[in-house]
1. Give me the extension gain from Lys22 to Lys5: residue separation times 0.36 nm, minus the current Cα-Cα distance, reported in nm with one decimal.
2. Using a 1.4 angstrom probe with every protein chain in place, what is the largest-first accessible-area order of Thr113, Thr77?
3. Note down the accessible area of Lys5, probe 1.4 Å, to the nearest 10 Å².
4. In Å², what does the accessible area per residue of the chain work out to with a 1.4 Å probe?
5. Can you list the residues of the range 39-70 with backbone N under 18 Å from a point 7 Å past the Cα of Asp81, pointing along Cα to Cβ?
6. Could you tell me whether the range 25-88 comes out rounded, prolate or oblate from its Cα gyration tensor? Rule is a ≥ b ≥ c as square roots of the eigenvalues, rounded for a/c under 1.5, then prolate if a/b exceeds b/c, otherwise oblate.
7. Which entry is the computed mean projected area of the Cα convex hull in nm² for this structure: (1) 7.9; (2) 9.0; (3) 10.5?
8. Could you check the simple spin-label distance between Asp12 and Asp142, using points 7 Å along Cα→Cβ, in nm with one decimal?
Amino acid sequence: MSSEKIFEYDLDIVGVTDYGAKMEAIFAGQENVPLQGAQFDVTLAGSIKGRVAGSLRGIDYLRVRADGRRELDLRGTIETDDGSRIAFSADGVGTPREGEPIVDLAVKIHLLTAAADYAWVNARPAWGAGYANVATGKIHIDAFLH
């Protein structure tokens with residue numbers, strides 16, 4: 001089965017809401033993840049380029065488990081360059097690289113819109129892979145239809 005790259009996105013972390021544990025301290029290894037895990041609401045914004053082009057804004061309801069696994073739950077809005085809106089959701093996992101401020105990301109992406117020019121996005125989910133650089137607050141994903 002062939003795959004088609006439909007877009008890539010580059011997002012910046014523009015805000016973090018924490019719930020008793022500091023994301024920066026946990027990701028830097030200065031604090032351990034609490035036994036019950038940690039929750040962070042990570043506000044993101046940036047550009048999306050490709051067959052879908054425009055901007056993406058959303059929140060990742062990030063959960064970090066005590067074993068270090070990062071569970072992604074992103075909800076957002078794509079506003080296309082031509083003014084259409086596409087609902088965006090993604091879930092997946094982040095795997096930290098040993099000794100680097102990089103987290104490798106794997107996500108399943110769901111898109112939904114009633115805009116006729118983008119009706120093709122409703123047909124099936126996309127799959128994305130990329131990385132987050134926790135030192136710079138930058139996230140990059142390439143998304144494909146299979």
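The values are calculated or read from the model by the stated rules, or taken from the named source; none is laboratory data. These numbers were taken from a predicted model, which means no experiment stands behind them. In this analysis, Cβ positions are derived from the backbone assuming ideal geometry, glycine residues included, and neighbour counts consider all displayed protein chains. Just so you know, the surface numbers come from the protein's heavy atoms only, side chains and all, with ligands and any DNA or RNA stripped out. Shrake-Rupley method; radii C 1.70, N 1.55, O 1.52, S 1.80 Å.
1. 2.6 nm is the gain from fully extending Lys22 to Lys5.
2. Working: Thr113 20, Thr77 60 Å².
The ranking, largest first, comes out as Thr77, Thr113.
3. 90 Å²
4. It amounts to 54 Å² per residue over the chain.
5. Those under the cut-off are 46-57.
6. On the way: a/c = 3.79, a/b = 3.02, b/c = 1.26.
Since a/c reaches 1.5 and a/b is larger than b/c, the shape of the range 25-88 is classed as prolate.
7. So the calculated entry is the one marked (2).
8. Going by the 7 Å Cα→Cβ label model, 2.5 nm.
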